[in-house]
């Protein structure tokens, strides 16, 4: 499950749950969250672990890192 899916279901389960609350709980900036969610930036291994733990394993930290790596390699290929 990716972060978009998890957030969608979490918002349905918990009225009032927001991205802002998620970021506050993880002590990250909202802009950082959106960069990680879109794959523009890879989370640190510590943050990847925290996200996986926070989502009860539904969002895999490693998947977030790989997504950013894949996006980065696609951008580099397009530049060449």
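The values are calculated or read from the model by the stated rules, or taken from the named source; none is laboratory data. Since the structure is predicted, the reported quantities are computational estimates derived from the model, not experimental observations. Don't worry about glycine lacking a Cβ; one is built from the backbone with ideal geometry, like all the others, and counts go over all protein chains shown.
One residue is enough: does segment 22-39 have a residue meeting the conditions touching a helix residue (DSSP H, G or I) at 6+ places or on another chain (Cβ under 8 Å), part of a loop (DSSP other than H, G, I, E, B) and touching a residue at least 12 places away in the same chain (Cβ under 8 Å)? Yes, segment 22-39 has at least one match. Every residue in segment 70-80 that is assigned to a helix (DSSP H, G or I) and either exposed (fewer than 12 other Cβ atoms within 10 Å of the Cβ) or at pLDDT below 80 (or both), please. The answer is 70, 73, 74, 75, 76, 77, 78, 79.
For segment 2-18, a residue qualifies if it is under 11 Å from the mean Cα position of the chain (by Cα) and surrounded by 14 or more Cβ atoms within 10 Å (Cβ to Cβ), and the qualifying residues are 2, 3, 6, 7. Among the conditions (1) within 14 Å of the chain's Cα centre (by Cα); (2) in a loop (DSSP other than H, G, I, E, B); (3) exposed (fewer than 13 other Cβ atoms within 10 Å of the Cβ), residue 42 misses just one, which is (3).
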